[in-house]
Structures are given as C-alpha cells and as structure tokens.
Amino acid sequence: MSTLLQPTLAGLPSPSTEAFLRFENVSKVYPTPTGPYTVLDGIDMAVNQGEFMCVIGHSGCGKSTLLNMVSGFSTPSSGQVVLHGNAITKPGPDRMVVFQGYALLPWFSAYDNVYLAIDSVKPDLPAVEKKEITREHLAMVGLTEAADKKINQLSGGMKQRVAIARALAIRPEVLILDEPFGALDAITKEELQEELLTIWNTQKCTVLMITHDIDEALFLADRLVMMTNGPAAKIGEIMEINFPRPRNREEIMEDPIYYDMRNQALDFLYSRFAHDDTE
Amino acid sequence: MVPTSPRRPGVASNPLGWLTRSSGTWLPPLLGTGGFLLLWQILSSAGVIALPAPSSLFTEERTRTLILYPFYDRGGLDKGLFWQTMASLSRVAQGYTLAALVGIAVGITIGLKPTINRAFDPLFQFLRMVAPLAWVPIALVLFQKNQPAAIFVIFITAIWPILINTAEGVRQIPQDYRNVALVLQMSSRRFFTKVLIPSALPYIFTGLRISIGLAWLAIIAAEIVMPGTLGIGFFIWDAYQQNYVGEIVLGVIWIGAIGLVLDRLMAWLQTRISPGQ
C-alpha cells in the first residue's frame, strides 16, 4: 500500500514555499466567557494549483473555520493563509464559495443569479459576453431549460446546480464548497459529483471541499485531509488518492486499493479519532 | 332553435347550485352584518339607544341627499361626501408619502448602522407612543396654519411603523446574502438595489400597510380639531355641533369604508410587488 507515501520526485510537486496556496502555522482561537477556545491549532499545509482537495472530520473539528480562512470570512489568530505569496485578509471573487444553504437570491431567476455574479465581478465586460458566459455555465450544469425559473420553483439539486454555475461563472482560482451535497438524495448527489468533476476538468480551478462522505471524497479528490477532533484540531493525516482521471465510479470501486483507503479513512474517523459522544 | 355552445355542467347553467355550494363563504358574513344592523334597528326603534336607526339614513332627507348626491358642491364647506373624502385623502396622501420616504430612508440607515440605531432608538420608541391628537396642538404651534399642521400630524403618526419595520427588515437580511455580496465584492449601490431592498421589501410593506390605517385614523382626529377645514373629519364635527346625528352616523360608516378600501389596496399592492416571499 503506497497511499500514504508522499511522492518524492515525480508526480505532484512537494509542498514548498512556491506552493499555490499555503497554510502557515495557522491557529484560530475564539474568546469565550470561560476563557479562550482553540478551534484550530498549528495547521501547516500546501495545496497545489488545480488540485482537488477534500477535508473530512467530525463536526466541530473546525473544517468550516479552516475553509473560511481561505475564503476570507475568517482570519487566523496566528499564522497566515497565503495565496500566490499574498496573505488572505478578506473575501474576494478569486476564492468563490458554494455556500451550505445555496445562498441564492430568491427574488431572481436562476439566470439572473448567475448573471448578477458575473456583472458584479466583471462589470466592464460587454453585456453580450456576460450573457454568453451565463448561458454557457447554466448549460454546463444542465439548467438551460430551467434558466428562467425563480429559485423557489427549483428542487434542492437544481438550486445546488445554480450555486455551482454561479461560482464557476466568475472563473475563481479557488472554489470552496462546504458540504455541497449533504442535503441531497443519493442519485442527485452522484449526478452532481460527476458534473462537478467534468466542469473541474475543463476549468482546472483548485477545489477545497468539506464532506462527511468518504466515498464522495475518494471519488472526487486528489488528496483527502483528515482532521483530528476539536478543540485544538490538527491535520491528522493526508491521504493521496491516485486513481487515474477521468474517473469512473464503477472502475474505482472495483479497485482493491479503494477498499484499503476506505478502511483506512474509516479507521481514522471511527477508531483513532472516534467522536466523543459524552461531550 | 339557435345552437348554443356546450356549457360546463353546474357552473353557468345553474347559478343557484353554485350559490348553494359556496354558501359557506358568503353566508356567515352576511348573517353577522345583517344581524348587527337588525339589532341596531330594533334598539333604536324601541328607544333604547339615542342613535337613529340604520333605515333612517334613507328616510331622513339630509342623509338621503348626502348618499344620493356625493358630488354636489354648494361652495365653501357645503360639499358632497365625495369632495369631503377627497380633501381628507389628499392630506393623507401628502403626509403618508412624506412618512414613507423619510421612514424608509431612516429605517435603512438605522438598520445598517447599529450605533445610529442605539443613539436614536429611545427617542423613536418614546415619540411613537404619543397619540395623534396630542400632536395637533404642537403641529398648530409649529406651522400656524391648518393645512401643513394636518399633514404633519399624518406624517408623525404614520412614520413609526414604516421606520421600525424597515430597520428590522434590513437587520433580518440573511448573513448568507451578505456573504455573497462580500465574496463578489458588490458595490454598495448594487448591494442596495439587488440584495437589500428586495430582501427587506416584505417588512417595508408590513410597515406601509399598518401606517396607511394609522394615517387615516389620524386625519379624522386632526380635522375634527381644525375648524373650517374641508374634510370628512370636520364634516362629522360640524354635524355634531348642529345636532345632525344621522350625518354623524353616515360619516362614521363612510370613514370605516374608506379605511377598509385603503387597507385592501395596500394588501393588493403587496401581493403584486413582492409575491410569495
């Protein structure tokens, strides 16, 4: 089993100061009435450009806090998150987020939600081009027919498709997804995972995604970050997932390595860092 | 024989059947209102209450003239109910529009800026408790004239629900929407028109609807104490001074009907502008 071995020379470039996105000794401490509460403690990690990274861990382990420091909604108490050599201090369209509750504006149609994002980020683009980008991205997620529907008329899966189309339409360098498929039924979930991979293959943006689903992570990610339990959560392990792309769900699941990796992740989550229910 | 187009059975061909089936909706209000009027009629005829009976509105000449000729104009204050109402409504329109503009603007400001809210909230909470009638003498001192004073009374009565609801609507904008605006780095103007206003609109309309009723109540109160003013409020006061009790009753019914129409109008506008939110 070689899944834990870091590739040395060939393959993915090893983390270095040249890395695209780096967490440098990042900690997050919240003041509470009963004293400071450490959520994340000394996170060091490098993410390569174009990499698909999944983060897994029990609730309360600070996964969302970790990604919020990339999107800029939260800032580290110590250390820094560096993108292209610049510390991240505030939200920006180069790090677009697919929010947990979709966060689509219900008074607009699917089309208008996507268009508004492009129009906000690139107001100087000719209107024809903005319209073209909007249509193109709605088509990518299969929403051409439903483009003019109001958000409230769409199902959960369709809403999530609009949210993904909106996020990708502004061509972010980093796409951040916080449990995007958690609320969806199994079939819709698999469909959306495949669509996300297809789009990611064409756009090659870096993806950071929180999930609770090991199979989802194994199907989607290049690397899987497993977090230890909070408070003061750290990175427990980083698992390399080297299935060739484009990936086929059936083929991957026939690979014996799949089950080794699955068991290893399960062992991490449910034996070594089992969730303490007495808390 | 003339051929007729086929009809849906039971709908157009049998209006009586339709009436019977929908009786659950029209029968109770009819019985309630009818019963009330009947009781009133009996009590007045028996002399238990001093008010004239409802039927007298049609039998008495003065009120019958007012009902049948709402558009008459004999100059001065001697005008039909339509003109009296229009005079009152135009005052309401002016004071209410002013209240809506100022109320929404100030409401958005204090909704966005907690410090400004903390600075003025005690004052607003205090002022909104002052009854419309109590503002009348202050307004007369401030403006010296009836017309601007009346408009001010409307304004100061109607502004509070608009202001407070707008501020609450702005505070209730979901954090998710604010985050979207942040990550897309929306300009303030874009945030205002695309996120803030649509999100707060249902709250703003709630305020506007409460206020239209209050404004109508206030104008009557204001006109009653402003002698020599054309308007439905002074019409009632004048009738009382001259002991035309029938006219008072007619005026009060008229006021209630207009108030109801105004409220329904706002409710209709609300469903048109912010549907299903």
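The values are calculated or read from the model by the stated rules, or taken from the named source; none is laboratory data. Bear in mind that the values here come from a model prediction, so they are computed numbers and not experimental data. We place every Cβ from the backbone using ideal geometry, glycine too, and count neighbours over all the protein chains shown. All accessible areas refer to the heavy atoms of the entire protein, side chains included, with ligands and DNA or RNA removed. Shrake-Rupley method; radii C 1.70, N 1.55, O 1.52, S 1.80 Å.
Using a ≥ b ≥ c from the Cα gyration tensor of chain B (square roots of the eigenvalues), is it rounded, prolate or oblate, where a/c under 1.5 gives rounded and otherwise the larger of a/b and b/c decides, a/b for prolate? List each step's numbers first, then the result.
Working: a/c = 2.49, a/b = 1.26, b/c = 1.98.
Because a/c hits 1.5 or more and a/b fails to exceed b/c, chain B counts as oblate.
Please calculate how many Å² of accessible area chain A carries per residue, with a 1.4 Å probe and no DNA, RNA or ligand atoms counted. Show your work: numbers first, answer last.
Numbers: 12540 Å² over 279 residues.
Spelled out: the 1.4 Å probe surface of chain A, per residue, equals 45 Å².
Can you list the aspartates and glutamates whose alpha carbon is less than 15 Å from that of A:Lys189, not counting same-chain residues fewer than 8 positions off?
A:Asp178, A:Glu179, A:Asp213, A:Asp215, A:Glu216
Within straight cross-link reach of A:Lys122, meaning Cα distance under 26 Å, which lysines are found once same-chain residues fewer than 8 apart are removed?
A:Lys90, A:Lys130, A:Lys131, A:Lys149, A:Lys150, A:Lys159, A:Lys204, B:Lys194
Please name which of B:Leu250, B:Thr63, B:Asn165 has its Cα lying farthest along the dipole of the protein assembly as shown towards the positive end, using unit charges on Cβ (Lys, Arg +1; Asp, Glu -1) and the Cα centre as origin.
B:Thr63
Over the protein assembly as shown, with every protein chain in place, what whole percent of the accessible area is carbon and sulfur at 1.4 Å, could you tell me?
Its accessible area is 61 percent carbon and sulfur atoms.
When DSSP assigns beta bridges and you keep just the ones with both residues in the protein assembly as shown, what percent turn out antiparallel, to the nearest 5?
Values: 23 of 41 bridges.
Percentage antiparallel, nearest 5: 55.
Would you jot down the residues in region A:112-161 that end up with at least 40 Å² less accessible area in the complete protein assembly than in the chain alone, with a 1.4 Å probe?
The answer is A:Leu116, A:Ser120.
Which order do you get for B:Thr115, B:Thr65 if you rank them by accessible area with a 1.4 Å probe, largest at the top? Mind dumping the intermediate values first?
On the way: B:Thr115 95, B:Thr65 35 Å².
Sorted descending by solvent-accessible area, the residues read B:Thr115, B:Thr65.
Could you tell me how many cubic angstrom of Cα convex hull volume region B:143-277 has per residue?
Values: hull volume 15.6 nm³, N = 135.
In region B:143-277, the Cα hull volume divided by residue count equals 115 Å³.
Using protein chains only and a probe of 1.4 angstrom, how many square angstrom of A:Leu116 are accessible, to the nearest 10?
Result for A:Leu116: roughly 10 Å² accessible.
For B:Lys79, A:Lys90, give the ranking by accessible area with the largest first, probe 1.4 Å. Kindly include the intermediate steps, with their values, before the conclusion.
Working: B:Lys79 45, A:Lys90 120 Å².
The ordering from most to least exposed comes out as A:Lys90, B:Lys79.
Between A:Tyr30, A:Tyr111, A:Tyr259, find the one with the highest GNM mean-square fluctuation for chain A; connect C-alpha pairs within less than 10 Å.
It is A:Tyr30.
Taking the solvent-accessible surface of protein heavy atoms with a 1.4 Å probe, what is the per residue accessible area of region B:89-229 in Å²? Mind showing how you got there, number by number?
On the way: 6500 Å² over 141 residues.
Accessible area per residue: 46 Å².
Go ahead and set up a Gaussian network model of chain B, Cα springs under 10 Å, then flag whichever of B:Pro28, B:Pro227, B:Pro114 fluctuates most.
B:Pro28
GNM, chain B, Cα, under 10 Å: largest mean-square fluctuation among B:Ile49, B:Ile154, B:Ile173?
Answer for the Gaussian network model of chain B: B:Ile49.
Size of the dipole of region B:89-229 about the Cα centre, Lys and Arg at +1 and Asp and Glu at -1 on the beta carbon, nothing else charged, in debye to 20?
Details: 11 positive and 4 negative charges, 73 e Å.
For this selection, approximately 360 debye.
Can you give the relative contact order of chain B as a percent, counting alpha carbon pairs under 8 Å and 6+ residues apart? Intermediate values should be presented prior to the final figure.
On the way: 279 pairs, mean separation 55.3, N = 277.
Over chain B, the number comes to 20 percent.
For chain A, would you read off the P(r) tail past 31 Å as a percentage of all alpha carbon pairs?
Working: 11165 of 38781 pairs.
When all Cα pairs of chain A are counted, 29 percent exceed 31 Å.
Pull out the extension gain between B:Gln172 and B:Ala257, defined as 0.36 nm times the separation in residues minus the alpha carbon to alpha carbon distance; nm, one decimal.
Values: separation 85, 0.36 × 85 = 30.60 nm, distance 3.47 nm.
The B:Gln172-B:Ala257 span can extend by a further 27.1 nm.
Taking the Cα centre of each part, how many Å lie between region A:255-276 and region B:186-215?
When both Cα centres are located, 51 Å separates them.
For A:Thr198, A:Thr188, what's the largest-to-smallest order of accessible area, 1.4 Å probe?
A:Thr198, A:Thr188
Rounded to the nearest 20 debye, what is the charge dipole size of chain B about its Cα centre when +1 sits on each Lys and Arg Cβ and -1 on each Asp and Glu Cβ? Please list the in-between numbers first.
Working: 20 positive and 11 negative charges, 228 e Å.
For this selection, approximately 1100 debye.
In the neighborhood of A:Lys204, defined by Cβ-to-Cβ distances under 15 Å, what is the net charge if each Lys or Arg adds +1 and each Asp or Glu adds -1? Could the numbers behind the result be given before it?
On the way: positive: A:Arg171, A:Arg245; negative: A:Glu51, A:Asp94, A:Glu173, A:Asp222.
Once positives and negatives cancel, what remains is -2.
Might you report the magnitude of the Cβ-based charge dipole of chain A about its Cα centre, with Lys and Arg at +1 and Asp and Glu at -1, to the nearest 20 debye? Intermediate results must be reported in sequence, preceding the final value.
Numbers: 24 positive and 37 negative charges, 180 e Å.
Here the size comes out at about 860 debye.
When only Cα pairs under 8 Å and 6 or more residues apart are kept, what is the percent relative contact order across chain A? Numbers along the way, then the final one.
Values: 478 pairs, mean separation 68.3, N = 279.
Reported relative contact order: 24 percent.
Rank A:Ala87, A:Ser155, A:Phe243 by how far each Cα sits towards the positive end of the charge dipole of the protein assembly as shown (+1 on Lys, Arg Cβ; -1 on Asp, Glu Cβ) and give me just the farthest.
A:Ser155
Kindly express, to the nearest 10 degrees and within the range 0 to 90, the angle between helix B:232-241's C-alpha long axis and the longest C-alpha principal axis of chain B.
It works out to around 50 degrees.
When only Cα pairs under 8 Å and 6 or more residues apart are kept, what is the percent relative contact order across region B:89-229?
Numbers: 161 pairs, mean separation 52.6, N = 141.
With pairs under 8 Å counted, the relative contact order is 37 percent.
With solvent modelled as a 1.4 Å probe, how much accessible area in total do chains A and B shield from it at their shared surface, in Å² to the nearest 100? Don't skip to the end; give the middle numbers.
Working: alone 13350 and 16720 Å², together 28390 Å².
Its buried surface, counting both partners, is about 1700 Å².
Name the residues of region B:176-222, by number, that are at least 50 Å² less accessible with every protein chain in place than in the isolated chain; the surface is that of heavy atoms, probe 1.4 Å, without ligands or nucleic acids.
SASA drop of 50 Å² or more in region B:176-222: B:Asp176, B:Tyr177, B:Val180, B:Val183, B:Leu184, B:Gln185, B:Arg190, B:Lys194.
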